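Before any comments, here is the structure.
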Amino acid sequence: MSSIWDDVVGQAHAIEQLTSAAEAGPVHAYLFVGPPGSTKNQAARAFAAQIISGADDPAQRDARLALAGAHPDVREVQRVGASILMDQAQEVIRLASLAPTESGRKVMILDEFHLLNGAAAAVMLKTIEEPPESTMFIICADFVPHELITISSRCARVDFRPIADGVIAARLLTEGVGPVEAQAASKAALGDLDRARLLASDSGLAERRKAFLAAPATVDGSGAVAMRLAAELLAMIEQAAEPLATRHNAEAEELTARIKESGERGSGKKQLEDRHKRELRRHRVDEIRTGLAAMSTSYRDAIVGGTAPSVDGAVGAVRKIHAALESLERNPNERLLLENLLWALPDAR
């Protein structure tokens, strides 16, 4: 029997917590915290669907619309710029003040709120703390930054974990992915189901891993080799983004068709374009992160196998790779990051 929770994968504790809350009566605000691809966004829609419809039946009209992001009383708010600023916060407050259209309750799903600006957080605090009686908030965040601490204290927190490799692989098998591809994609996805789905149809996954693994045996301390390697690796990463670009094109074409029918006003065209840019950026970062992890493995294997020309040099290389991984969180120039890292790494042969 199908459930509204079917798309929430590997999060049994969160599902149990949320179904119990729906049955007992939800509080005014929830904070879903977990990494991208942990299906916390699917959980937000599922929770909203159960609240609005009052049952675990994905075929029921209200639940079906909520799960599709199309219910008039389930408003989803995604950031417009690099962070959520005052204007968008004020719009959230305005939307929260409106009465439900069809139901007795309205659910506001606020996405990527780890990017909430400090001033915007201060403005929104009162509304999230004491929303209108008919309004409930579901706030999704990858983590809880300083700006979100006070708001977090006013919410019931639900944690989502990276999905285990085996759970991802099993899910991919049910979606028609072959066993070998499912296994490879699940290991490379780092707990992110969305990424695993992209990788499952990626014929170049093994080739990219091989290229990163081989990099420590190719570097020679020269800038020329570092620049050539960085260019080759980034070109492979760009090629790997083609399935994502294909999906983006299909979404853009679908939106264009809707605009022709009903006009551009309120179509969400800008939000779609911004989301596509964020997804492509996240794809590149995930690819680099996975590749650097493989590169680190090469140095560790050389140390364990006794083939490293210098153990101290190999240990230092692993530390430099970890520093580069940490710097990815600060939105660096990816080409420069790779070039500088490869230039600084010792030959592992």
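Each value in this text was obtained by applying a stated rule to the coordinates, not by laboratory testing. It should be emphasised that the depicted structure is a prediction, and the values quoted were computed from it without experimental measurement. Every residue, glycine among them, receives a Cβ derived from its backbone with ideal geometry; neighbour counts consider all protein chains shown.
Answer with yes or no whether residue 14 is touching an Asp or Glu at 6+ places or on another chain (Cβ under 8 Å) and under 30 Å from residue 330 (Cβ atoms).
Criteria met by residue 14.
Give 196, 240, 206 a once-over and let me know the one that is within 27 Å of residue 161 (Cα to Cα) and in contact with a Ser or Thr (Cβ under 6 Å, 6 or more places away or on another chain). Don't jump to the end; show me each part of the working.
Details: 240 fails: in contact with a Ser or Thr (Cβ under 6 Å, 6 or more places away or on another chain); 206 fails: in contact with a Ser or Thr (Cβ under 6 Å, 6 or more places away or on another chain).
Of the residues listed, the single one that is within 27 Å of residue 161 (Cα to Cα) and in contact with a Ser or Thr (Cβ under 6 Å, 6 or more places away or on another chain) is 196.
Would you please name the residue that is surrounded by the fewest Cβ atoms within 10 Å (Cβ to Cβ), looking only at residues in segment 144-194 that are of a type in the set (D, E, K, R) and part of a loop (DSSP other than H, G, I, E, B)?
175
For segment 219-244, give me the residue count where each residue is closer than 17 Å to residue 288 by Cβ and either among the aromatic types (Phe, Trp, Tyr) or part of a loop (DSSP other than H, G, I, E, B) (or both).
Adding up the residues that qualify gives 2.
Give the residues of segment 20-79 that are within 20 Å of residue 114 (Cβ to Cβ) and β-branched (Val, Ile, Thr), sorted by residue number.
33, 39, 77
Looking at segment 142-164, can you tell me whether even one residue there is at positive phi and touching a strand residue (DSSP E or B) at 6+ places or on another chain (Cβ under 9 Å)?
So far as segment 142-164 goes, no, none of its residues is at positive phi and touching a strand residue (DSSP E or B) at 6+ places or on another chain (Cβ under 9 Å).
This table checks each residue for (1) within 19 Å of the chain's Cα centre (by Cα); (2) buried (at least 20 other Cβ atoms within 10 Å of the Cβ); (3) under 23 Å from residue 172 (Cα atoms).
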| position | (1), (2), (3) |
| --- | --- |
| 7 | yes, no, yes |
| 21 | no, no, no |
| 25 | no, no, no |
| 28 | no, no, no |
| 32 | yes, yes, no |
| 43 | yes, yes, yes |
| 49 | no, yes, no |
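Any residue at all in segment 51-64 that's surrounded by fewer than 20 Cβ atoms within 10 Å (Cβ to Cβ), of a type in the set (A, V, I, L, M, F, W, C) and over 24 Å from the mean Cα position of the chain (by Cα)?
The answer is yes; a qualifying residue exists.
So which residues in segment 195-226 are of a type outside the set (Gly, Ala, Ser) and buried (at least 18 other Cβ atoms within 10 Å of the Cβ), if there are any at all?
The answer is 195, 197, 198, 199, 202, 205, 208, 209, 212, 216, 219.
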